[in-house]
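The structure under discussion appears below in the form of structure tokens.
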Amino acid sequence: MFSKETYMARRAKLKQTIGSGLLLFLGNDESGMNYADNTYHFRQDSTFLYFFGLPYAGLSAIIDIDNDKEIIFGDELTIDAIVWMGTQPTLKEKSEAAGIKEVRPFKEIETYLKNAQQKGQPIHYLPTYRAEHQIKLFQWLGIVPGAEKPSVPFIMGVVNQRNYKSEEEIAEIEKACIVTADMHLTAMRTVRPGIRESDVAAAVAEVAFANNYQLSFPIIATINGQTLHNHDHSNLIKSGDMLLLDAGAETEMGYAGDMSSTIPADAKFTTRQREIYDIQVAAHEAAVAALRPGIPFVDVYELSCKVIMEGLKELGFVKGDPMEAVKAGAHAMFMPCGLGHMMGLDVHDMENLGEVYVGYDGQPKSTEFGRKSLRLGRKLEPGFVLTIEPGVYFIPELMDLWRSQNKFTEFINYDKLFTYKDFGGIRNEEDYLITENGARLLGKKIPVRAEEVEAIRK
């Protein structure tokens, strides 16, 4: 945890922003894998962590702005729990470490909320992403699952704090990024023909666990890089393959790293692989060079897409004006995803609160294929932490669909494209902090250019 003063200051700022009413923070519960006592790794709700710092199951909290109360609701561990989990501080002691003086039994939260409801006090809550949250809202407030109306002022209040990373947060993210970089360096030394994707995933996970960190998301380690989020690890790596690795570490305090690498199975890329790989790197570097306060991230995205289309035009995949192709949406054949996303306590920071608020400052986002996957579009500001991850993908099903529809025939050379149905996909990803004057790489540098990757493969 940070100091109690950090959490007290965060809550004070939020109360000032919202002004009145009651703020309900739903903590997470344990989740059974196949029976109640065999649980998945517990992860506390990130907004609860941000304002209270307590990484423990079975808690919820209330900030009653009108009555100047901050209360943690939860139960002390029973002797049975202590036998299995070991000696721990009391809930009161844990709460005091976050600057919370009032602790009540968990069952009392229902009465507190219903009393507030009867008095007509506004009760603010955030979007739900777990069934347990929906059940609690139904039990406590009579809100039918699926009929929730999260508080937009509460959402925006949280977003406008969590989007701007403090120095102590940046230090935590940096720790996550250093270990994340080590995970990718390990993969670059591990990948070779004759091993399975699962061998690479195991080596990568070991790095995180050896640092007493968790994975910030399930490892993507695949020779089928055209599938953007491929969690299958069953394939044998063969000569001529490329392995796409997307993996990150999460610190003990819950802060994430997120990087991607594309690694040839052999010591060097083939000529065919290198041509496409260099295009991806050019798009990546162009995006990084453009990062600065005040630039709309959607402009950085379009720049990156333009570089991809220019490179592919030189190879004969694309025709016509590359920027016009981007404006029309033809680039989505090769890059149907976004360019990056906010990162912090969540690897896709605050995605549960809504991309329109986090990445677009409340403004509408595109519904167009490709652009709709751009999680971040707003003007960049100092303190933002984000990823840069353009990709070049050859997706057979998308090729077949668009050609059958005669889509973008003025920009796409389908005859050439179809000769690359077996190519796969390429992505590299780094994490950046927006500074007053530009951007700073977080963590240690991992190889990105082809010659850098090949140097470590020797």
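Within 10 Å of each candidate Cβ there may be at most 12 other Cβ atoms; applying that plus a DSSP loop requirement, which trypsin sites (Lys or Arg not before Pro) in the range 115-176 survive?
Details: sites: Lys119, Arg130, Lys136, Arg162, Lys165, Lys175; in loops: Lys119, Arg130, Lys165.
When the trypsin sites (Lys or Arg not before Pro) of the range 115-176 are filtered for loop state and at most 12 Cβ neighbours within 10 Å, Lys119 remain.
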List the pair-distance distribution P(r) of the range 274-313, using every Cα-Cα distance, as the percent of pairs falling in each 10 Å bin from 0 up to the bin containing the longest distance, rounded to whole percents. 34, 49, 16, 1
Residues Met33, Met8, Met333 arranged by fewest to most Cβ contacts within 10 Å: Met33, Met8, Met333
Determine the alpha carbon to alpha carbon distance for each of Lys69/Lys165; Lys319/Lys365; Lys13/Lys69; Lys13/Lys107; Lys13/Lys101 and list only those over 20 Å. Lys69/Lys165; Lys319/Lys365; Lys13/Lys107
Just going by the charge dipole of the chain, with Lys and Arg at +1 and Asp and Glu at -1 on Cβ, which of Met8, Tyr301, Asn428 is farthest out on the positive end? Tyr301
Can you give me the long-range amide H partners of Ser60? Hydrogens built in the peptide plane at 1.01 Å from N, cutoff under 5 Å, separation of 5 or more residues or another chain. Gly27, Phe73
Cα centroids of the range 85-100 and the range 58-74: how far apart, whole angstrom? 16
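Based on DSSP H assignment, which helices of the chain show an axial Cα extent of at least 27 Å together with a mean Kyte-Doolittle hydropathy greater than or equal to -0.5? It would help to have the intermediate numbers written out before the result.
Working: long enough: 167-190 (34 Å, 0.01); 271-290 (29 Å, -0.18).
Going by DSSP H runs, the hits are 167-190, 271-290.
Please go through the residue pairs Lys372/Lys421; Lys94/Lys136; Lys175/Lys445 and name each one whose alpha carbons sit more than 18 Å apart in this structure. Write down the numbers at each step before the final one.
Numbers: Lys372/Lys421 24 Å; Lys94/Lys136 23 Å; Lys175/Lys445 13 Å.
From Lys372/Lys421; Lys94/Lys136; Lys175/Lys445, over 18 Å: Lys372/Lys421; Lys94/Lys136.
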Pairwise centroid distance, computed over Cα atoms, of the range 200-246 with the range 360-437, Å: 21
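For the chain, what relative contact order do you get, as a whole percent, if you take Cα pairs closer than 8 Å and at least 6 residues apart? Don't jump to the answer; show the numbers that get you there.
Details: 887 pairs, mean separation 65.4, N = 458.
With pairs under 8 Å counted, the relative contact order is 14 percent.
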Under 5 Å between amide H atoms, partner at least 5 residues away or on a different chain: which partners does Gly362 have, H built in plane at 1.01 Å? Tyr357
Taking H as built 1.01 Å from N, whose amide H comes closer than 5 Å to the amide H of Phe217, not counting residues under 5 places away? Gly248
Considering all projection directions equally, how large on average is the shadow of the alpha-carbon convex hull of the chain, in square nanometres? 23.2
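Projected area of the range 159-231, taken from the Cα convex hull and averaged over every viewing direction, in nm²? Mind dumping the intermediate values first?
Working: hull surface 25.0 nm².
That works out to 6.3 nm².
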Kindly list the residues of the range 1-27 that lie in the label zone of Gln88, defined by a backbone N under 20 Å from the point 7 Å along the Cα-to-C-beta vector. 1-4, 25-27
In nm, to one decimal, how far is the modelled label at His41 from the one at Asp232, with both set 7 Å along Cα→Cβ? 2.4
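Every number here is computed from the coordinates shown, using simple stated rules; none is lab data. Just so it is clear, the structure is predicted and the values come from calculations on it, not from any experiment. Neighbour counts are summed over all protein chains in view; Cβ atoms, including those assigned to glycine, are modelled from backbone coordinates with ideal geometry.
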